[in-house]
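Undergrad: Below: one structure in structure tokens.
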Amino acid sequence: MKTILITGCNRGIGFGLVKHLCENYGQMENIFATCRNPQNAQELTSLAQNNSNVKILKTDLNNSEDISNLAKTVTDILGTRGLDVLVNNAGISSKFTRLPMVKEKDLTDHFRVNVIAPILLAKHLIPVLKNGKNEGESSGIIVNISSVLGSIQENTTGGYYPYRTSKAAINAATRSMSLDLREHKIVAVALHPGWIKTDMGGKQAPFTVEEASGNLINFIRNISMEHNGLFLTHEGKQLPW
Ligand code: NDP
């Protein structure tokens, strides 16, 4: 793995992944790190100042023009070199909601960031993903960061309509990507990262961002065709849809 694009890198898991790569994988050629407000992303900016392979790309994933511009910029920079890994990490999650409290805007906001943006980004990046290189036979890898809350079978407590439905939808999209892109040896997986201490995961989560980032990068580096189309934890355990 030499080139990677990660969305939502100013904080949380996205920032942790970029930091872990900088600290442990100096040989990376390109770490494309998106965030929507680089001017407020001091820690990420400082990482980029100290690591010339980190390129911050301003992208609001609510904006489809931003998404296509991002893909164009990355494609122009890479030229004939491939994109090895795309991590659709950025996501939103509102508070727990029972059905009477569900708001239409909340549903559409979640679908925009958690489903539409990852699908459009993967679509625009197919040409560079085709030229990616990874373990074994596979070319590029698409990692859609999902959640166990998107598992229909594991849902025993209800609620979380915007988040659960959007993560179930990105799971469905992941399976389609795995089938549509198989002929190009592009692998697509839906990955539950674990419960992690971030703004979204909260303080009670068992894993720190640092621990989780190391685990996730180890896992991503070992993804191969055998994982194509699966819904997995970072330990490689298969989750029910
Ligand atoms: P955080 O809330 O800490 O960070 C979310 C990131 O997504 C931020 O960088 C945020 O940027 C970005 N983002 C949100 N909306 C947009 C947008 N419209 N355009 C661009 N960027 C956007 O979340 P986590 O790091 O915890 O979560 C990362 C992923 O992991 C998500 O997909 C989440 O669903 C998943 N996940 C997390 C778990 C956990 O326990 N933490 C458990 C299971 C899954 P900004 O600062 O600009 O808002």
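Undergrad: Taking the condition under 27 Å from Asn215 (Cα atoms), basic (Lys, Arg) and in contact with an Asp or Glu (Cβ under 6 Å, 6 or more places away or on another chain), does Arg11 pass? Break it down stepwise before answering.
TA: On the way: under 27 Å from Asn215 (Cα atoms): yes; basic (Lys, Arg): yes; in contact with an Asp or Glu (Cβ under 6 Å, 6 or more places away or on another chain): no.
Considered against the rule, which asks whether it is under 27 Å from Asn215 (Cα atoms), basic (Lys, Arg) and in contact with an Asp or Glu (Cβ under 6 Å, 6 or more places away or on another chain), Arg11 comes out as no.
Undergrad: For residues that are in a helix (DSSP H, G or I) and more than 16 Å from the ligand (Cβ to nearest atom), tally how many sit in region 18-45. I'd like the intermediate steps shown before the answer.
TA: Filtering region 18-45 down to residues in a helix (DSSP H, G or I) leaves 18-24, 38-40, 42-45.
Checking which are more than 16 Å from the ligand (Cβ to nearest atom) leaves us with 22-24.
Final tally of qualifying residues: 3.
Undergrad: For residues in region 211-236 being away from the ligand (no atom under 13 Å from the Cβ) and among the charged types (D, E, K, R), which is surrounded by the most Cβ atoms within 10 Å (Cβ to Cβ)?
TA: Among residues in region 211-236 that are away from the ligand (no atom under 13 Å from the Cβ) and among the charged types (D, E, K, R), the one surrounded by the most Cβ atoms within 10 Å (Cβ to Cβ) is Arg221.
Undergrad: Here's another thing I want to ask about it. So is Gln238 in contact with a Phe, Trp or Tyr (Cβ under 8 Å, 6 or more places away or on another chain), of a type in the set (S, T, N, Q) and farther than 22 Å from Ala90 by Cβ or not? Walk me through how you get there before you give the answer.
TA: On the way: in contact with a Phe, Trp or Tyr (Cβ under 8 Å, 6 or more places away or on another chain): yes; of a type in the set (S, T, N, Q): yes; farther than 22 Å from Ala90 by Cβ: yes.
Against the criterion (in contact with a Phe, Trp or Tyr (Cβ under 8 Å, 6 or more places away or on another chain), of a type in the set (S, T, N, Q) and farther than 22 Å from Ala90 by Cβ), Gln238 qualifies.
Undergrad: Look through region 188-207, keep the residues that are in a strand (DSSP E or B) and touching a residue at least 24 places away in the same chain (Cβ under 8 Å), and return whichever of them is nearest to the ligand (Cβ to nearest atom).
TA: Residues of region 188-207 that are in a strand (DSSP E or B), as a first pass: 188-192, 196, 207.
Then drop every residue that is not touching a residue at least 24 places away in the same chain (Cβ under 8 Å), which leaves 188-192, 196.
Numbers: Ala188: 15, Val189: 14, Ala190: 10, Leu191: 9, His192: 6, Ile196: 4 Å.
Looking at the filtered set, the residue picked out is Ile196.
Undergrad: In addition: Can you run down the residue pairs with Cβ atoms below 7 Å, 6 or more apart or on separate chains, where the first is in region 28-39 and under 11 Å from Leu86 (Cα atoms) and the partner is near the ligand (Cβ under 10 Å from one of its atoms)?
TA: If the second residue must be near the ligand (Cβ under 10 Å from one of its atoms), the pairs left are Ala33/Ile6; Ala33/Cys9; Ala33/Leu44.
Undergrad: Also, I was wondering about something else. Report yes if Asn89 is away from the ligand (no atom under 15 Å from the Cβ) and more than 19 Å from Tyr161 (Cβ to Cβ), otherwise no. Reasoning before the result, please.
TA: On the way: away from the ligand (no atom under 15 Å from the Cβ): no; more than 19 Å from Tyr161 (Cβ to Cβ): yes.
The answer is no for Asn89.
Undergrad: Based on this model, can you work out whether Gly82 counts as at pLDDT 95 or above, part of a loop (DSSP other than H, G, I, E, B) and more than 16 Å from the ligand (Cβ to nearest atom)?
TA: Details: at pLDDT 95 or above: yes; part of a loop (DSSP other than H, G, I, E, B): yes; more than 16 Å from the ligand (Cβ to nearest atom): yes.
Judged against the criteria, Gly82 is a match.
Undergrad: Moving on. Please find, within region 115-151, the residue that is farthest from Thr80 (Cα to Cα) out of those that are away from the ligand (no atom under 16 Å from the Cβ) and β-branched (Val, Ile, Thr).
TA: Ile141
Undergrad: Shifting gears a bit: Asn171 versus (1) within 26 Å of Leu120 (Cα to Cα); (2) in contact with a helix residue (DSSP H, G or I) (Cβ under 9 Å, 6 or more places away or on another chain); (3) surrounded by fewer than 19 Cβ atoms within 10 Å (Cβ to Cβ); (4) touching a residue at least 60 places away in the same chain (Cβ under 8 Å): which is the lone unmet condition?
TA: (3)
Undergrad: Of the numbered conditions (1) touching a Ser or Thr at 6+ places or on another chain (Cβ under 8 Å); (2) within 20 Å of Val85 (Cα to Cα), Ser213 fails exactly one; give the number of that condition.
TA: So Ser213 meets the others, but not (1).
Undergrad: While we're on this one: Sort out for me the helices (runs of 4 or more DSSP H) sitting completely within region 87-187 that have 3 or more residues that are touching a strand residue (DSSP E or B) at 6+ places or on another chain (Cβ under 8 Å) and not hydrophobic (A, V, I, L, M, F, W, C). Don't jump to the end; show me each part of the working.
TA: Working: elements: 104-111, 117-130, 161-180.
The helices (runs of 4 or more DSSP H) meeting that bar are 161-180.
Undergrad: Go through region 7-25 and report how many residues are farther than 12 Å from Thr198 by Cα and of a type in the set (Phe, Trp, Tyr).
TA: Total meeting the criteria: 1.
The values are calculated or read from the model by the stated rules, or taken from the named source; none is laboratory data. Remember, predicted model here, so these are calculated numbers, not experimental data. FYI the Cβ positions are ideal-geometry reconstructions off the backbone, even for glycines, and counts take in every protein chain you see.
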